[in-house]
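A.B. asks: Below is the structure I would like to discuss, written out as structure tokens.
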Amino acid sequence: MASYETEHASDDTQRTSERPRRPDLSSFFSMMSEITTDSPQERNRPGAVPVPADMSTAYRTLADAFRIMQRDNENADTDMMEQMIESLMSSAERPPTEVKGVEEEWIAQLERVSVKKLKKDADCPICGNAFSEDPHPLLVRLPCHKTHVFDLECVRPWLLLNGTCPMDRIDFAKQIRERRQKQLEEIKKNAAPEDEEEEWDGLYG
């Protein structure tokens, strides 16, 4: 599947002439590259712990961006945004030892939604912008509920950092971790009898 950058690419001249629909998050993604790693091996490597100050900066940067969205668009879900900002600032004050969000691969596999299949007045719960007004709409549906549709530009940073649905707080990242842990346990369980048999043969070989 095409990457986010490829799917959302457009003519640079046209972009500069349009009023930005949401804040520039380049500094946020730059910080995310500092506190996360691309490979599972690196993520699981002992001692590979992000610097607390960098973790705080990532949470605070996204909170500031959401404040701008909330300020600039009265259609944004105020209660939800307040909860998201409060959660981000709480994590900024007491940063976790590692990022608890989902991976880019998981986001890339989210169901894409055609704006033509939504109501004309449907908007993004985060930024409040109408989907139909976006010249380059890229909408995704979260797996927790069919009505939880977001502009990918808005929900992607939240998912990378928190791994939850902004609307009902279903923890996708936790589900993924638990599923992987279960798979590892199954692999170990299935491999154990064979290992024991080899050890037994070695004693009497």
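The values are calculated or read from the model by the stated rules, or taken from the named source; none is laboratory data. It should be emphasised that the depicted structure is a prediction, and the values quoted were computed from it without experimental measurement. We place every Cβ from the backbone using ideal geometry, glycine too, and count neighbours over all the protein chains shown.
A.B. asks: Considering only residues that are part of a helix (DSSP H, G or I) and touching a helix residue (DSSP H, G or I) at 6+ places or on another chain (Cβ under 8 Å), look in region 141-167 and name the one that is farthest from GLU86 (Cα to Cα).
C.D. replies: First, the residues of region 141-167 that are part of a helix (DSSP H, G or I): 152-161.
Applying the additional criterion that residues be touching a helix residue (DSSP H, G or I) at 6+ places or on another chain (Cβ under 8 Å) yields 152, 154, 156-161.
Details: LEU152: 21, CYS154: 17, ARG156: 18, PRO157: 16, TRP158: 13, LEU159: 16, LEU160: 17, LEU161: 14 Å.
Out of the qualifying residues, it is LEU152.
A.B. asks: Any chance region 106-117 includes a residue that's surrounded by 15 or more Cβ atoms within 10 Å (Cβ to Cβ) and part of a loop (DSSP other than H, G, I, E, B)?
C.D. replies: Yes, because at least one residue in region 106-117 is surrounded by 15 or more Cβ atoms within 10 Å (Cβ to Cβ) and part of a loop (DSSP other than H, G, I, E, B).
A.B. asks: Count, please, the residues in region 168-185 that happen to be surrounded by 11 or more Cβ atoms within 10 Å (Cβ to Cβ) and of a type outside the set (Asp, Glu).
C.D. replies: Total satisfying the criteria: 9.
A.B. asks: Quickly run through region 121-137 and pick out the residues that are farther than 17 Å from PRO157 by Cα and among the aliphatic types (A, V, I, L, M).
C.D. replies: ALA122, ALA130
A.B. asks: Name, by its number, the condition in (1) of a type outside the set (Lys, Arg); (2) without any contact (Cβ under 8 Å) to a residue 60 or more places away in the chain; (3) buried (at least 16 other Cβ atoms within 10 Å of the Cβ) that does not hold for ALA191.
C.D. replies: It fails just one condition, (3).
A.B. asks: While we're on this one: In this structure, does ASP151 turn out to be charged (D, E, K, R) and at pLDDT below 95?
C.D. replies: Answer is no for this residue.
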